[in-house]
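Undergrad: To start, I am sharing the structure in question, which I have written as structure tokens.
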Amino acid sequence: MAAQSKPVQQLTPFGYALAGALGGCFSTAIVYPLDVVKTRIQADAKASEGHDLAISSVILRIFKDEGFWGFYRGFTATMLNTFSMQYAYFFFYSWVRNSYIKRLSRKLPVGAKAPTLSTAAELLLGALAGALAQICTLPVAVIATRQQVGRSLDTPKSRRLPTEPLTNGLADEESDEEYDDSFFGIAKEVVREEGIPGLWLGLMPGLVLTSNPAITYGVYERVKAAALKAKPTINGKLTPGMSFLVGALSKTLATVVTYPYIMAKVRIQARGADLETAEEDHLDRPHHNKPHHLKDHHPGALDILGRVYRKQGIFGWYQGMSAQIVKAVISQALLFMSKDQFEHWALAIMILLTKFRSR
């Protein structure tokens with residue numbers, strides 16, 4: 001019996017991935033209304049025109065215009081995106097890290113302690129895992145972002161001023177009824193407007209942002225090791241309170257460093273990116289559900305950052321950063337705090353699966 005239970009006493013990459021995905025969904029679900037708020041703030045390109053983008057103002061605006069459920073737009077897609085992204089990241093991270101350590105261990109004498117990875121190695125492995133996860137899960141992220149933003153950046157007929165022109169004379173054709181904000185409805189919309197590659201909008205800034213989890217986990221592991229060395233514990237693990245503080249510190253640092261690309265990625269994926277380009281270049285507004293780029297291309301991260309700099313200066317690159325940090329810190333800290341518990345649950349699930357298969 002002992003021999004049969006041995007293989008599941010330590011989590012495999014699958015187990016770590018499952019634990020990370022469950023923990024990610026748990027933390028994201030708790031802060032989801034704030035996630036919608038920060039996405040709306042990041043996607044709004046009208047801040048230079050006097051739009052009030054304070055967190056409290058956006059909260060009140062969502063509640064007034066959309067009611068309570070406005071804070072849960074795109075919840076299902078975001079949960080799917082969170083689970084798949086966290087699963088893919090933890091799986092690839094555990095796999096590449098374990099593979100690298102085994103490779104280094106082969107060069108050591110038999111029975112020698114496993115080598116400790118350098119900070120540079122931790123960051124590189126994390127970036128590689130993040131890049132693989134981004135490529136696999138980005139289409140769901142694009143759909144989730146568009147669902148969260150919805151049509152909040154459009155000018156509805158009820159709010160259009162008398163002096164404002166109709167949307168390229170097509171207000172009747174592009175009525176609210178033609179907008180399908182379901183998961184598959186948005187997927188079809190993206191493919192019709194941007195082609196199949198449109199499902200990977202924001203891939204380049206997404207690859208740049210692989211440094212975010214790499215920095216987060218690298219800093220977390222280093223600070224955790226220092227904390228345990230300064231104040232050892234019986235089981236060799238941080239207390240929940242200490243895990244919260246270490247997670248908050250590591251995520252804040254990573255967010256501040258990478259934020260301009262976080263904001264640019266949201267704007268690339270939101271519906272308003274092509275509209276902003278058309279307005280800046282004095283072109284006709286792009287038609288809904290029709291190809292947008294017969295003569296040009298979808299704006300990239302550098303295009304977005306350049307446009308924001310011209311309108312708002314360098315501070316425009318950090319629009320919505322306070323909401324991002326609050327949401328990210330709470331979410332990541334909760335993830336780190338619950339990480340060990342979800343690993344226990346993942347191990348229990350694996351044991352049950354092993355017993356089920358052995359029957």
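The values are calculated or read from the model by the stated rules, or taken from the named source; none is laboratory data. The structure displayed is predicted, hence computed values, not measured ones. Neighbour counts run over all protein chains shown; Cβ positions are idealised from the backbone, glycine included. Protein only, heavy atoms only, side chains kept; ligands, DNA and RNA dropped before computing areas. Shrake-Rupley method; radii C 1.70, N 1.55, O 1.52, S 1.80 Å.
Undergrad: Calculate the spin-label point distance for residue 289 paired with residue 29, positioning each point 7 Å from the Cα along the beta-carbon direction, and give it in nanometres.
TA: 3.4
Undergrad: So if we plug the beta-carbon distance of residue 76 and residue 315 into 1/(1 + (r/R0)^6) with R0 = 41 Å, what FRET efficiency do we get, rounded to 0.05?
TA: 0.75
Undergrad: Sticking with this structure for a sec: In 10 Å bins starting at zero, report the fraction of Cα pairs in segment 199-318 per bin as a rounded %.
TA: 12, 32, 23, 16, 11, 5, 1
Undergrad: Then there's this: For residue 274, what accessible area in Å² do you get when you roll a 1.4 Å probe over the heavy atoms of the protein chains, rounding to the nearest 10?
TA: 10
Undergrad: Considering the alpha-carbon set of segment 251-359 alone, what are its Rg and its Dmax in angstrom?
TA: Calculated on Cα positions, Rg and Dmax stand at 21.7, 69 Å.
Undergrad: Right, something else. Taking every pair of Cα atoms in the chain, average 1/r, invert it to obtain the Kirkwood radius, and report Rg/Rh to two decimals.
TA: Using Cα coordinates only, the ratio equals 1.02.
Undergrad: What do you get for the angle between helix 55-66 and the principal long axis of the chain? Use alpha-carbon atoms, 0 to 90 degrees, nearest ten.
TA: 60
Undergrad: Another question, if that's okay. Taking springs between alpha-carbon atoms closer than 10 angstrom, which of 150, 23, 130 fluctuates most in the Gaussian network model of the chain?
TA: 150
Undergrad: How large is the dipole of segment 193-255 about the Cα centre if only Lys and Arg carry +1 and Asp and Glu carry -1, each at its Cβ, rounded to the nearest 20 debye?
TA: Using Cβ point charges on Lys, Arg, Asp and Glu, segment 193-255 gives about 640 debye.
Undergrad: What percentage of the solvent-accessible surface of the chain, computed with a 1.4 Å probe over protein heavy atoms, is contributed by carbon and sulfur atoms?
TA: Working: 12440 of 19320 Å².
With neighbouring chains kept in place, the figure for the chain is 64 percent.
Undergrad: Can you pull the accessible area of residue 26 for me, 1.4 Å probe, Å² to the nearest 10?
TA: Counting only protein heavy atoms, the figure is 90 Å².
Undergrad: Give me the lysines in straight-line cross-link reach of residue 64: C-alpha distance below 25 Å, same-chain residues under 8 apart excluded.
TA: In chain and number order, the partners are 38, 46, 157, 327.
Undergrad: Quote the accessible area belonging to residue 283 in square angstrom, nearest 10, computed with a 1.4 Å probe and with ligands, DNA and RNA left uncounted.
TA: Using a 1.4 Å probe on the heavy atoms, I get roughly 100 Å².
Undergrad: Roughly how large, in nm² to one decimal, is the mean projection of the convex hull of the alpha-carbon atoms in segment 281-336?
TA: Value for segment 281-336: 6.4 nm².
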